[in-house]
Amino acid sequence: MNPLSEKEEMVLSVSRETLSEQLKQSISECRQDADLPFWGEVFSVIQQMKKIPSDQVPLYEIHPIGAVFYDADKRRFIVKIPDMDIIMKDAELADAIVKQGLFHPK
């Protein structure tokens with residue numbers, strides 16, 4: 001596999017930041033009106049994040065400490081927090097974010 005050029009790295013970085021901001025916005029809107037169905041919007045952003053290569057770079061940092069990665073080989077998200085890695089399917093991550101209030105981006 002060819003290493004990414006600086007330009008490709010910059011585009012991926014912008015995509016990560018943009019998707020992280022979209023995720024934050026969806027979470028914020030969900031908090032303002034819990035009756036609205038934002039699960040689908042969060043799930044959609046998570047689906048887009050899966051398309052970004054993230055071998056050693058997190059998709060986003062979580063508050064207060066940790067990061068979320070995607071393992072394309074296992075087709076699972078990995079939430080890395082101190083002393084623990086939590087492996088989840090995309091729907092499980094969306095549920096954790098929306099329904100349980102976990103793993104929000106910084």
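The values are calculated or read from the model by the stated rules, or taken from the named source; none is laboratory data. Keep in mind it's a predicted model, so treat the numbers as computed, not measured. Using ideal geometry, Cβ is built from the backbone for each residue, glycine included, and neighbour counts are taken over all protein chains shown. Protein only, heavy atoms only, side chains kept; ligands, DNA and RNA dropped before computing areas. Shrake-Rupley method; radii C 1.70, N 1.55, O 1.52, S 1.80 Å.
Structure summary
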read-out	value
Failed condition for residue 85, given (1) open to solvent by 70 Å² or more (accessible area, probe 1.4 Å); (2) closer than 18 Å to residue 21 by Cα; (3) out of contact with any helix residue (DSSP H, G or I) (no Cβ under 7 Å at 6 or more places or on another chain)	(2)
Any chance residue 65 is touching a strand residue (DSSP E or B) at 6+ places or on another chain (Cβ under 7 Å), surrounded by fewer than 17 Cβ atoms within 10 Å (Cβ to Cβ) and among the β-branched types (Val, Ile, Thr)	yes
Residue within segment 19-41 that is open to solvent by 30 Å² or more (accessible area, probe 1.4 Å), in a loop (DSSP other than H, G, I, E, B) and at pLDDT 75 or above present	no
Residue 4 in a loop (DSSP other than H, G, I, E, B) and either modelled with pLDDT under 85 or exposed (fewer than 14 other Cβ atoms within 10 Å of the Cβ) (or both)	yes
Leading residue by the ranking (modelled with the lowest pLDDT) among those in segment 68-79 that are open to solvent by less than 10 Å² (accessible area, probe 1.4 Å) and farther than 13 Å from residue 47 by Cα	68
Hits in segment 50-63 - residues which are modelled with pLDDT under 85 and in contact with a helix residue (DSSP H, G or I) (Cβ under 6 Å, 6 or more places away or on another chain)	52
Scan of segment 49-61 for residues that are open to solvent by less than 90 Å² (accessible area, probe 1.4 Å) and over 9 Å from the mean Cα position of the chain (by Cα), ordered by number	52, 53, 54, 57
In segment 88-98, the residues that are surrounded by 12 or more Cβ atoms within 10 Å (Cβ to Cβ) and touching a residue at least 40 places away in the same chain (Cβ under 8 Å)	90, 93, 94, 95, 97, 98
Any hit, segment 89-99, residues being touching a Lys or Arg at 6+ places or on another chain (Cβ under 7 Å) and assigned to a strand (DSSP E or B)	no
